[in-house]
Amino acid sequence: MTVEVREIGADQFDLVWPIFHSVVAAGDTYSYAPDTTFEEARAMWTSAPARCFIALIDGKPAGCYMLKPNQPGLGSHVANAGYMVAPRARGQGLAGKLCEHSLATARAAGFLAMQFNFVVSTNEVAVKLWQKHGFKIVGTVPQAFRHATLGPVDTYVMYRFL
């Protein structure tokens, strides 16, 4: 398995759209509306200051992530990122590779820390993976996410220094 991770612009967002759409439509990990349009998704993930990266496995789109400042102005030294892996590519360590790539990219861009604002508590695989990569749960927001099948569930704020 050969994994290539590279930055893409708005003109290449169609490569990650099937992944984005399938993850968001499930309604179990992201707060984006399940009917988020291509144009809305592309704007969120590719408009400055957001940067979008694609992961290719053997030349085929398998995952992606978005990196941006967590807040503007006086909070812009802390990065934020969101990751998505295609269903067919799960369980192969790709999310961990994307996390490592994003941490290195954030460091290189001058960020001092990374914060995940909205990690769904029932997404146990992601919570454990982020903890493995040095993130700590620094806050819990009760019933902040309307899970498609479980109803209201907690979300976590997770943080680490770079």
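Taking +1 at the Cβ of each Lys and Arg and -1 at the Cβ of each Asp and Glu, which of Val5, Ala109, Ala50 sits farthest along the dipole of the chain towards its positive end, judged by Cα position relative to the Cα centre?
Ala109
Express as a percent, rounded to the nearest 5, the fraction of DSSP beta bridges in the range 19-162 (both residues included) that run antiparallel.
95
What is the diffusion coefficient of the chain in µm²/s, taking the Kirkwood radius over Cα pairs and the Stokes-Einstein relation at 37 °C with a viscosity of 0.692 mPa s? Display every interim value, and only then the final one.
On the way: Rh = 16.0 Å.
Estimated diffusion coefficient is 205 µm²/s.
Report the charge-dipole magnitude of the range 1-95 in Debye, nearest 20, computed about the Cα centre from +1 at each Lys and Arg Cβ and -1 at each Asp and Glu Cβ. Show your work: numbers first, answer last.
Details: 7 positive and 9 negative charges, 51 e Å.
Here the size comes out at about 240 debye.
Counting only helical runs of four or more DSSP H residues, what would the 222 nm mean residue ellipticity of the chain come to if each run contributes -39,500 (n - 2.57) and the total is spread over all its residues?
The helix contribution divided over the chain gives -8000 deg cm²/dmol.
Just give me a number: lysine pairs in the chain, eight or more positions apart or cross-chain, with C-alpha atoms less than 17 Å apart. Numbers along the way, then the final one.
On the way: Lys60/Lys97; Lys97/Lys128; Lys97/Lys132; Lys128/Lys136.
Lysine pairs, 8 or more places apart or on different chains, close enough: 4.
At 7 Å along Cα-to-Cβ for each site, give me the label-to-label distance between Asp11 and Ala109 in nm.
Simple spin-label model gives 2.1 nm for this pair.
How about the range 1-102: which trypsin sites (Lys or Arg not before Pro) there lie in a loop by DSSP and see at most 14 other Cβ atoms within 10 Å?
Arg90
Place a point 7 Å from Cα of Lys128 in the direction of its Cβ. Which residues in the range 64-93 have their backbone N less than 16 Å from it?
Answer for this model: 90-93.
Throughout, read-outs are computed from the coordinates displayed, never taken from laboratory work. This one's a predicted model, so the numbers in the text were calculated from it and none came from an experiment. Positions of Cβ are generated from backbone atoms using ideal geometry, with glycine treated the same way; all protein chains shown enter the neighbour counts.
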